[in-house]
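As structure tokens, the structure follows; a few thoughts come after it.
The numbers here are math on the coordinates, done by the rules we state, and not lab data. All of these numbers come straight from a predicted model, not from anything done at the bench. Because the Cβ atoms are built from the backbone with ideal geometry, glycine has one as well, and the counts that use them run over all protein chains shown.
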Amino acid sequence: MKTKLLATLFSLSTLAGCTFNDATNDIYLIPEGYEGYVYAFYNVKNAPEVKKEGDYEIYTINKEGYFVTSTPDMDYGTITDKYYYVDTNGQRTKIDEECIRGIGTGGYESDPDSANKIDIKYTGVEVKKSGCSQEFAEFGKGMGTENLDLVLSEVTEKYYGVN
């Protein structure tokens, strides 16, 4: 009984910081022709808040493949996200579902007990331009850590002055 109570309390405390909704409702606007990993970073100091379009949050991905926001955390729930390529005129073209693969979520923390604390959360997808398939969309190798490390380094340098 005591173990079950501790497990329940741990689960509740772990989930306390998460934002649960019925659906994620995110729109990713990806530069036309982009292929590779796309990341959304949350809780980034001095970054803009997420903009909304109806019930959807808009993530305008830069040419380096990421979006940053000061919004503390991502939404959790049924994934209802939409993905579009966007040309230089702002024209959207829907990306085929079989060309998008979720790569999970994670976080990066540095100097937790200092005034320079960094506590970034992130999620992402991998985008292919060709050779798309249901197998690609459903299975894969997870998050590319080499690419993630490079992008995260760029974000921390730009927003926190950390090299």
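List of remarks:
- Considering only alpha-carbon pairs that sit under 8 angstrom and 6 or more positions apart, the relative contact order computed for segment 17-160 is 29 percent.
- Pairs spanning more than 23 Å between alpha-carbon atoms, out of K82/K117; K45/K82; K51/K117; K45/K129; K52/K117; K117/K158: K82/K117; K45/K82; K51/K117; K45/K129; K52/K117.
- Note on segment 17-160: with charges restricted to the Cβ of Lys and Arg (+1) and Asp and Glu (-1), its dipole about the Cα centre is near 280 debye.
- Cleavage-rule hits, trypsin sites (Lys or Arg not before Pro), segment 55-139, DSSP coil, Cβ neighbours within 10 Å at most 11: K63
- Considering all C-alpha pairs of segment 51-163, those separated by over 25 Å amount to 30%.
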